[in-house]
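Trainee: One structure, as structure tokens, below. Some questions next.
Where a number appears in this text, it was derived from the coordinates with a stated rule and is not lab data. Predicted, not measured: the structure shown is a model, and the values here were computed from it. A quick note on method: Cβ atoms are made from the backbone with ideal geometry, for glycine too, and the neighbour counts reach across all protein chains shown.
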Amino acid sequence: MRKATTALVLATALALAVLPGRTSADQSVTIREVDFKLEPSSFTATVGEVVHFTVTNAGARPHNLEVELESANMEKRLFDTNLQPGETRSADFTFTQAGTWEMYCPVDDHKGMGMTGDIMVMAASSAAPAPPAAPSQPAAVAKPAAPAPAAVPEPAAPVAQPAPSPTPSTARMPGQLPRTGGGPGLSIAATMAGLGLLAGLGLVAGGLVVLRRR
């Protein structure tokens with residue numbers, strides 16, 4: 001009894017180890033294969049992410065699923081044997097190159113009969129664009145300094161004018177009385193007249209003295 005239980009546990013553990021796990025997958029896709037088309041016929045994946053395929057044969061003929069990037073000569077059939085009608089299987093696949101991959105049923109001419117679709121594989125950098133950064137506040141623009149007022153030149157000090165020199169007609173000698181006459185001729189004439197008057201007075205005085213003595 002114990003041996004049977006132990007064998008059952010080992011078998012279960014082995015089966016779980018062989019079956020592809022879904023815990024490590026980054027994306028899960030369910031594909032239904034119908035005679036003769038794929039549902040859905042397209043989906044999007046990302047380079048480097050594990051895609052967990054769950055494929056169900058919902059048709060009346062055997063089918064399989066293959067992914068291919070013809071431009072890079074890359075292809076992968078997901079299952080070693082074909083899925084029988086009503087059978088469901090799972091497989092994991094990691095896309096290693098960006099581009100438009102093709103998925104199709106490789107059995108007989110099922111691809112040519114319409115069992116095909118597209119897988120848009122995006123680069124890792126474009127898969128999840130970062131949210132736009134908050135707009136930065138514009139830097140404060142320094143206001144231009146007000147122009148300094150132009151220096152007003154100070155008025156030049158007035159130049160001292162030389163004192164007017166006295167003219168001959170207005171210059172006066174210290175202590176000299178102002179002239180009352182005209183030119184130098186008048187002064188001489190007046191002087192001579194005064195001298196004559198004095199002389200006449202002297203003669204008159206002398207005559208009076210002589211008369212008194214008589």
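Trainee: Please compute the length gained on full extension between Lys76 and Leu203, using 0.36 nm multiplied by the number of residues separating them and subtracting their Cα-Cα distance.
Mentor: Details: separation 127, 0.36 × 127 = 45.72 nm, distance 17.60 nm.
Full extension of this stretch gives 28.1 nm more.
Trainee: Once Rh for segment 22-125 is found with the Kirkwood sum over Cα pairs, what is the Stokes-Einstein diffusion coefficient at 25 °C and 0.890 mPa s, in µm²/s?
Mentor: Working: Rh = 13.6 Å.
Translational D for this selection: 180 µm²/s.
Trainee: Val34 label point, 7 Å along Cα→Cβ, cut-off 13 Å on backbone N: hits in segment 63-92?
Mentor: none
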